[in-house]
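Notes to accompany the following structure.
The values are calculated or read from the model by the stated rules, or taken from the named source; none is laboratory data. Given the structure is predicted, the values throughout are model-derived calculations rather than measurements. Here Cβ is always computed from backbone atoms with ideal geometry, including for glycine, and neighbour counts include all displayed protein chains.
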Amino acid sequence: MPPEAGTRMIAEEKARPREGSRMDSAERILTLRRNVEKAIRGKEGVVKLSVVALLARGHLLIEDIPGVGKTTLASSLARSVGCSFRRVQFTSDLLPSDIIGVTVYNPDVHAFEFKPGPLFTNIVLADELNRATPKTQSSLLEAMGEFRVSVDSVTHTLPNPFFVVATLNPVEHHGTYALPDSQLDRFLMRLEMGYPDGEAEKEIIVRQRMVNPSETLEAVLAAEEIVELQRRVREIHVEESILDFMLALVKETRKHAAVELGASPRGSLSLYRAAQALALVEGRAFVVPEDVTSLAVPVLAHRLMLKPSAASGRFGQTSRVIMEDILRRVPVPA
């Protein structure tokens, strides 16, 4: 056998498991989604995007009224992937040390020891994040951006995977603080749960007559599998024309007449990573334009700072409306 033929056969043999692994990844992700949907009825799209945020190593902001399942979604995800889960109720008297942890003196060993806070877990639910003071909110910045925290000049690495799900109540403003732009920019996506339809709400009531379904969920993936899927996300191919399409959308946010400040380069990278994760969720090894168009609003809209005239004028616009307008104006690659 010629040497080049043997080399070609070895290369082909190495390529086969990768294709099988990709299909296996899609099957495992689908199993995860179906498991979460046992507790979150009628919200397949929200569950899908939540899984995309997790696999893209991003963080999720859910802004909606109380009682629509924000907490249930976070806890169901944690149970489904066998990860540790902590819920932090953000209040006005919460301190950064209550979240990160504190260094205390141990007289037995005559040394200071770090006592980690609830942030040292795989999935964190930051419930009603805007009820905490800006100082406490800012304690999450390093953790969300760099997956580590610094206490007394010592850096502590957070568990892997690390995923923050924060909730906001948009209809109650008394005793709340607006999230700074630097905080918003660290969330990969902002989603709304919305009311369930009639049949889904009826099913929710019937299924919870005896027990909450989220409390009976069993893990279908291990934390190590999530880390592996996150690694595979970065292997998804993005064709140059689609990358140019993403950059054109971001550039348009900076030129729009109603926008004071558009999306930052972090927004561009977030859209790129989210599109890769969505392609993996769909069982593809490459990104298509539809991935980008379906993600542009949840990934980019909350990063826009609107001009006062656009935000509060007679024909007031929201960032979602502006982002949808940008999507209509930027040509989609063939």
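Observations on the structure shown:
- Checked against (1) surrounded by fewer than 19 Cβ atoms within 10 Å (Cβ to Cβ); (2) within 19 Å of LEU61 (Cα to Cα), GLU113 meets all criteria but (2).
- Residue in the range 205-223 that is outside any loop (DSSP other than H, G, I, E, B), closer than 29 Å to GLY82 by Cβ and modelled with pLDDT of 85 or more present: yes
- Tallying residues that are more than 26 Å from GLY69 (Cα to Cα), touching a residue at least 40 places away in the same chain (Cβ under 8 Å) and exposed (fewer than 12 other Cβ atoms within 10 Å of the Cβ) within the range 189-234 yields 0.
- Counting only residues that are surrounded by fewer than 19 Cβ atoms within 10 Å (Cβ to Cβ) and of a type in the set (Ser, Thr, Tyr), the range 117-173 holds 6 of them.
- Cβ-Cβ under 6 Å pairs, at least 6 apart or on other chains, the range 248-272 side within 22 Å of HIS59 (Cα to Cα), far side surrounded by 15 or more Cβ atoms within 10 Å (Cβ to Cβ) and of a type in the set (Asp, Glu): ARG266/ASP185
- Check on ALA39, touching a Pro at 6+ places or on another chain (Cβ under 7 Å), modelled with pLDDT under 90 and crowded, with 20+ Cβ neighbours inside 10 Å: yes
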